[in-house]
Every structure is written in structure tokens, then in C-alpha cells.
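In what follows, a single structure is set out as C-alpha cells and then discussed.
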Amino acid sequence: MDRDLASARELADALPDGVVVADAEGRVTLVSAVAARMLGTDPDAGLGEPLVDVLALQDQEGRAWCACNRPYEGLSTRSAIPEQSWLLPNGTEVLVVARLHRDGPGAPVHRVAVTLRSGRGRARLDRERSDLVATVAHELRSPLTGVKGFVQAMLNRWEKLSDEQKKLMLTTVSSDSDRLSRLIAELLDVARIDTGRLQMHARPSDAAVLVGRIVDSVQASTSRAVELRASAELPQIVVDPDKFTQVVTNLVENGVRHGEGTVSVLLEPQPADADHSGVRITVDDEGDGIPPDLRRRVFTKFWRGGARGGSGLGLYLVNGLVRAHGGTVTIGDAPGGGARVVTTWPAEANRSE
């Protein structure tokens, strides 16, 4: 093996993807260790062999990669073959991309560089998409069923229903509609966080006022006790009020849904030695808590910590929205044995890009 080939092999072996390179005659000049492992061959065994023989990839119908893509034929301006899914000899899926090198437009191909990447990453994304579809379908079905059922009942029995019954049905329909709106807002925010396109309109806000409204709203819809304590001297925080309300509502509702006993909400100034001034909000419940070994996973999409349902997106959104404000979120143990979630909110604009 000459020095140039050894140097190229060393560089190719350092890459996470497999690499196969062929010359102008379609003869293989390099097979990286990763590619050889994928193709079930030795890195040196394929040197000088036809690319069609070394690149033993087939599609679901048994057609070969070279036969389908014809890298040395076709348009004289073609410079690449886009990512495609192919099967290795052992049946494992790989994602294959090729670069066609020419001396200039219209010149013949003098080198073909092919990369092979494991399909596990895409399979994981496909599973996440399937999970999202299943989650959305499940979460939408319940309130939609309620809305449709009550509306149909009112249409069929309007004259027979009392005013109180009509009011109860309409109240339920309104509540289920709000639930649908919140779920749609959650899904949109998840997409924006994932793509880095989350927009916020931060302004100075009174945390005590905003949290007081949230606690009153949650308390009105549950028989569980929700207690709010706030320090007398709280600095104003710079937040998007809608996003802030979304985060705190999520945390308080989680305490009600998954915890036991009283849900406690505490607002206090950040300690003097903190990285930034602002407000610290602590939400405690009296349930079973979250084991330490699971706390790193609670902020991932579709994580569900209890048997009482939910979209599995709530804490993922909490983490994303808090960090977008430049704050922090941590999970610990409440004094009563339940879960404690602490979020911090800066007193000055400190948005995390």
C-alpha cells in the first residue's frame, strides 16, 4: 500500500460513516474499515475490484445499487446521487449517498465516492414520528368524542333538555375545546423548538400576578388543594407571559394529575450568589416523586411518568421554554416525599439562542 493510499485510508477510517471510492474505470481504490464491516468484506480484498461487485447493496426488489443509479452514465452535469435506502448483504438498512467527481461540466466521471450510514438513526426518527401520530390521535380522540357526543345530544334532545343540562353540556364542550387548543399549541411549540424557530415576546412581568391567576384557574377545576406562597419582595421578570403561563400551568397540573395531597407553589427571589437575578418558582407535590435515575429522561419527548395519561410532551416543552428564556429547570425531592420541580426566571432579558 503506497503512502497516499495509506493516508487516505487513515482519514476514511476516522469517519463515522463507511466510505467506498472507485476510479474512472469503476475499479475500487479505497474501502474504509467501517464500509468493509458493513459489506462483510476485508478493506484490502476489494481494492482493484469492480465497484458493482464490492458495493453489494440491493433494494427491496433485489436490484443492485450500481444497476439502478449507473454512476458513470446519465446526464453529463450530474454530480451526486441523493440519499437512498438500501439493504446490506445481511439485510440491514443503510442510507447511501454518492458524489460524482468530474474535471468540469460535461466531462466524464473520474471518481465515485460513496458513503454508507447506518439506518438506525432514521428508524429512530420514524419511530418518533409514529409515536407522535399515535400520541396526537389518542389525545385528540377523547375531547373530540366528548364534543361530538354532547353536541349530538343537544341537537337530538334540545326541546327536552333543561337550561341547567344545556349549560352543563356547553360548559363541557367549551372545556374540551380548550383542551384541544392547548394540545395544538403544544404540538406547534414542539415543532418550533425542534427547528429553532420559537418566537417569544418578552416583557417585564409580575410573576406573582401571573402565577396567582394560574393557581386560581387550576384550583377551580380540581378538588385537590393548591397552595400559593410568594415572597413580599419579588423582582419583575422578563418573560413572554403566554409562554410563562404555559410552563407554570403545566407544572401545577402535573402536580395535581400525577401527585397526591396538596400541591404547593412557592415564589421567591433568586439567591444573591445565583448566576442571574430573578425569581425562583418551586412546585411540590406529595406523591411518589421521580426516581433519580429517571430525572434525565423526564425532559425528553413522549416521556410519561405515571399511569394517568398525558401527551408526554409537557415536560419537554417546559424545559425548552424555560431555557429559551435563559432560565433553568431542575427536578428533586419535595419535603413530603413527592416531586419538586424548580424553575428560575431572569429579571433581565437573557434569552438562550
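The values are calculated or read from the model by the stated rules, or taken from the named source; none is laboratory data. From a predicted model like this one, the values you see are computed outputs, not experimental measurements. Positions of Cβ are generated from backbone atoms using ideal geometry, with glycine treated the same way; all protein chains shown enter the neighbour counts.
What number of residues within region 217-255 are over 32 Å from the mean Cα position of the chain (by Cα) and of a type in the set (Asp, Glu)?
2
When region 185-211 is examined, which residues are found to be in contact with a helix residue (DSSP H, G or I) (Cβ under 9 Å, 6 or more places away or on another chain) and of a type in the set (A, V, I, L, M, F, W, C)?
Ala185, Leu187, Val190, Ile193, Leu198, Met200, Ala202, Ala207, Leu210, Val211
Condition check: surrounded by 12 or more Cβ atoms within 10 Å (Cβ to Cβ), modelled with pLDDT of 90 or more and over 30 Å from Thr300 (Cα atoms). Does Val109 satisfy that?
So Val109 passes the test.
Can you confirm whether Gly212 is surrounded by fewer than 19 Cβ atoms within 10 Å (Cβ to Cβ), among the small types (Gly, Ala, Ser) and either modelled with pLDDT of 90 or more or in a helix (DSSP H, G or I) (or both)?
Yes: the conditions hold for Gly212.
Yes or no: Val34 hydrophobic (A, V, I, L, M, F, W, C) and more than 28 Å from Gly104 (Cβ to Cβ)?
yes
If you go through region 253-263 one residue at a time, do you hit one that is out of contact with any helix residue (DSSP H, G or I) (no Cβ under 6 Å at 6 or more places or on another chain), under 14 Å from His325 (Cα atoms) and crowded, with 19+ Cβ neighbours inside 10 Å?
no
Can you tell me which residue is farthest from Ser118 (Cα to Cα) among those in region 31-58 that are crowded, with 19+ Cβ neighbours inside 10 Å and of a type in the set (Gly, Ala, Ser)?
Gly46
Checking Arg197 against (1) assigned to a loop (DSSP other than H, G, I, E, B); (2) in contact (Cβ under 8 Å) with a residue 24 or more places away in the chain: exactly one of these is not met. Which one?
Of the numbered conditions (1) assigned to a loop (DSSP other than H, G, I, E, B); (2) in contact (Cβ under 8 Å) with a residue 24 or more places away in the chain, the odd one out for Arg197 is (2).
For region 296-334, enumerate the residues that are surrounded by fewer than 17 Cβ atoms within 10 Å (Cβ to Cβ) and modelled with pLDDT of 85 or more.
Hits for region 296-334 are Arg323, Thr330, Gly332, Asp333.
I'd like to know if region 10-30 contains one or more residues that are modelled with pLDDT under 90, of a type in the set (Ser, Thr, Tyr) and either under 40 Å from the mean Cα position of the chain (by Cα) or surrounded by 11 or more Cβ atoms within 10 Å (Cβ to Cβ) (or both).
no
Within region 77-102, track down each residue that is surrounded by fewer than 12 Cβ atoms within 10 Å (Cβ to Cβ) and modelled with pLDDT under 90.
Thr77, Asn90, Gly91
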